[in-house]
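Student: Let me give you the structure first, and then I'll get to my questions.
The values are calculated or read from the model by the stated rules, or taken from the named source; none is laboratory data. Given the structure is predicted, the values throughout are model-derived calculations rather than measurements. Positions of Cβ are backbone-derived with ideal geometry, glycine not excepted, and every protein chain shown enters the neighbour counts.
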Amino acid sequence: MSTWFTRCATALVMTAFASAGAFADPIPPGWQGDRLKVIGFSGLGGHYGAFKMALNHPANGRWYLYMGHSFDLGWSILDVTNPQDPKYVKFIPYDGPKDWITSQVTVHGNLMITSLDRRNAPGPDMIFWDVSDPINPKEIARWGSGTAGAHRNSYPGGKYAYLSTSYPGFRGKILVIVDVSDPAHPKEVGKWWQPGQKDGEPLSAPLPGFHGPANISPDGKMLSTGYTPDVVNLDITDPAQPKVIGRLQMTPPFASVGTQSVHTVLPLWDRKLLYVSSEAMAERCKDNGMNLAGLIDNSDPAKPRLISIFPTPRPPASAPYKDFCDKGGRFGPHNTNQELHNPAVAQPGDLMFITWFNAGLRVFDISLPTLPTEVGYFMPPERAGLPSQTGPHDSPVNWSEEVAVDTRGNIYLNDDKWGTFVLQYTGKVPAKDVSRTATK
């Protein structure tokens, strides 16, 4: 696989400014990539550190990205109708304590749910918004009464939202199902937790916790998710009483890093596969155990089984470090293109786009699920001179955390120190094989 620096920094800066009419902001020079190219960029009005993203393609024909922030309390809206000219619309501030985080967002139709994640402070856990006017979200309700807020929720449309939230009488975050048919008055329907989370239940090690999001099958009857220490399939035919169909323990043997031990589970419903990953937490590969990104055969939901592990990304040949552990910062998987319930979001197919912290964005061919293969990458340039931040997402080096892909093929990447890069994949797209199976 070839590797290249895009151009020398001087030439890139001159080109970017010469074509200022083509881009909302000049593309930062010095990025590295293979089979991924930058077509647009937004510095988000200086509100860098944007985190989770949710696409919206409303009836007005335009395309929007809603983003929660880790460093600044609030949410950004980016108009990406023209991906080569992303327009920063606005920042919606939230006036809360400085140790709160507003980084999580989910959207479907005219309903947006944002989390208020915090550390040991009572209060509402999330805000419900009406986004029928997509550039002027209107707050319609706040919900919850936990002490540690909410994290990655999911609203796949319809009657129910599936929340990862703290809850009185429970340790950590649990799954709560809420009826949002009247979003101004959300009503709890049911909840589910791992043994040991409810006050008075004996604790197990590692301490269970729910990162989210929950993923709902197309027929609405099964929920698949990561719920430390397991990957879990739940029967939600009766949402008031979720029941376990099957589970696969991931921790141990893989990394034990708290709730993030099973950070992401993404079902590929058409192939009866689950993508699973942990989240790298400690810098320089010092987590307690090996981090994981892999594929699970879920053709029998009662007996999910791990069938492959993604290869470890390698640095460019020109890098001044021998591996990404030496680079500094976190190295390991974080997130992939989610919100698949949203009609604006591209389905994975045979390509998976996965952020890998200090290794940037990595692209994998999963046409043969038992042998995932890396086929491209993008690494944003470093950025010096920024004021130091606080919290779990600050880093001495630049890293990439969040990715979203729209149905037009545009890839949106949020990094730690710049803003939002708009990318396109230029490599070969694996050919479809309708005869394949999950264990071919």
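Student: Take the residues in segment 364-392 that are part of a strand (DSSP E or B) and touching a Lys or Arg at 6+ places or on another chain (Cβ under 7 Å), then tell me which one is farthest from Gly33 (Cα to Cα). Spell out the reasoning first.
Tutor: Of the residues in segment 364-392, the ones part of a strand (DSSP E or B) are 364-365, 373-379.
Imposing the further condition that a residue be touching a Lys or Arg at 6+ places or on another chain (Cβ under 7 Å) reduces the set to 374-377.
Numbers: Glu374: 13, Val375: 11, Gly376: 7, Tyr377: 5 Å.
Of everything passing the filter in segment 364-392, Glu374 is farthest from Gly33 (Cα to Cα).
Student: Can you tell me which residues in segment 349-363 are assigned to a loop (DSSP other than H, G, I, E, B), farther than 12 Å from Ser400 by Cβ and among the aliphatic types (A, V, I, L, M)?
Tutor: Within segment 349-363, none qualify.
Student: Considering only segment 236-258, I want to know if a residue exists there that is touching a Gly at 6+ places or on another chain (Cβ under 6 Å), assigned to a strand (DSSP E or B) and of a type outside the set (Asp, Glu).
Tutor: no
Student: Mind checking which residues of segment 125-158 are assigned to a loop (DSSP other than H, G, I, E, B) and crowded, with 17+ Cβ neighbours inside 10 Å?
Tutor: Of everything in segment 125-158, those that are assigned to a loop (DSSP other than H, G, I, E, B) and crowded, with 17+ Cβ neighbours inside 10 Å turn out to be Asp125, Val131, Pro134, Pro137, Gly144, Gly146, Ala148, His151, Arg152, Asn153, Tyr155, Pro156.
Student: Just for segment 259-273: of the residues that are within 19 Å of Leu175 (Cα to Cα) and assigned to a strand (DSSP E or B), which one is modelled with the lowest pLDDT?
Tutor: The extreme case among them is Thr259.
Student: What tally of residues in segment 94-109 results from selecting those that are modelled with pLDDT of 95 or more and either assigned to a strand (DSSP E or B) or in contact with a Pro (Cβ under 8 Å, 6 or more places away or on another chain) (or both)?
Tutor: 4
Student: Would you point out the residue of segment 266-284, among those that are more than 17 Å from Met352 (Cα to Cα) and of a type in the set (A, V, I, L, M), that is surrounded by the fewest Cβ atoms within 10 Å (Cβ to Cβ)?
Tutor: For segment 266-284, the residue satisfying everything is Ala282.
Student: Next question. Can you tell me which residues in segment 33-88 are closer than 29 Å to Trp100 by Cα, in a strand (DSSP E or B) and among the aliphatic types (A, V, I, L, M)?
Tutor: Correct list: Ala50, Met53, Ala54, Leu55, Leu65, Met67, Ile77, Leu78.
Student: If Asn136 passes every condition in (1) under 28 Å from Asn337 (Cβ atoms); (2) touching a Leu at 6+ places or on another chain (Cβ under 8 Å); (3) not small (Gly, Ala, Ser) but one, which one does it miss?
Tutor: In the conditions (1) under 28 Å from Asn337 (Cβ atoms); (2) touching a Leu at 6+ places or on another chain (Cβ under 8 Å); (3) not small (Gly, Ala, Ser), Asn136 misses (2) alone.
Student: Further, regarding this structure: Of the residues Ser435, Ser367, which is at pLDDT below 95 and among the hydroxyl-bearing types (Ser, Thr, Tyr)?
Tutor: Ser435
Student: In segment 291-317, how many residues are at pLDDT 95 or above, part of a loop (DSSP other than H, G, I, E, B) and farther than 18 Å from Ile354 by Cα?
Tutor: Residues meeting the conditions: 7.
Student: Looking at Leu274, is it under 21 Å from the mean Cα position of the chain (by Cα), of a type in the set (A, V, I, L, M, F, W, C) and over 30 Å from Leu111 (Cα atoms)?
Tutor: No: the conditions fail for Leu274.
Student: Now for a different question. Which of the residues spanning segment 318-348 are within 22 Å of Ser395 (Cβ to Cβ) and part of a strand (DSSP E or B)?
Tutor: Phe331, Thr336, listed by residue number.
Every residue, every condition in (1) surrounded by 23 or more Cβ atoms within 10 Å (Cβ to Cβ); (2) within 30 Å of Asp117 (Cα to Cα), yes or no:
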site: Lys286; (1), (2): no, yes
site: Ser299; (1), (2): no, no
site: Pro315; (1), (2): no, no
site: Lys322; (1), (2): no, no
site: Phe331; (1), (2): yes, yes
site: Met379; (1), (2): yes, yes
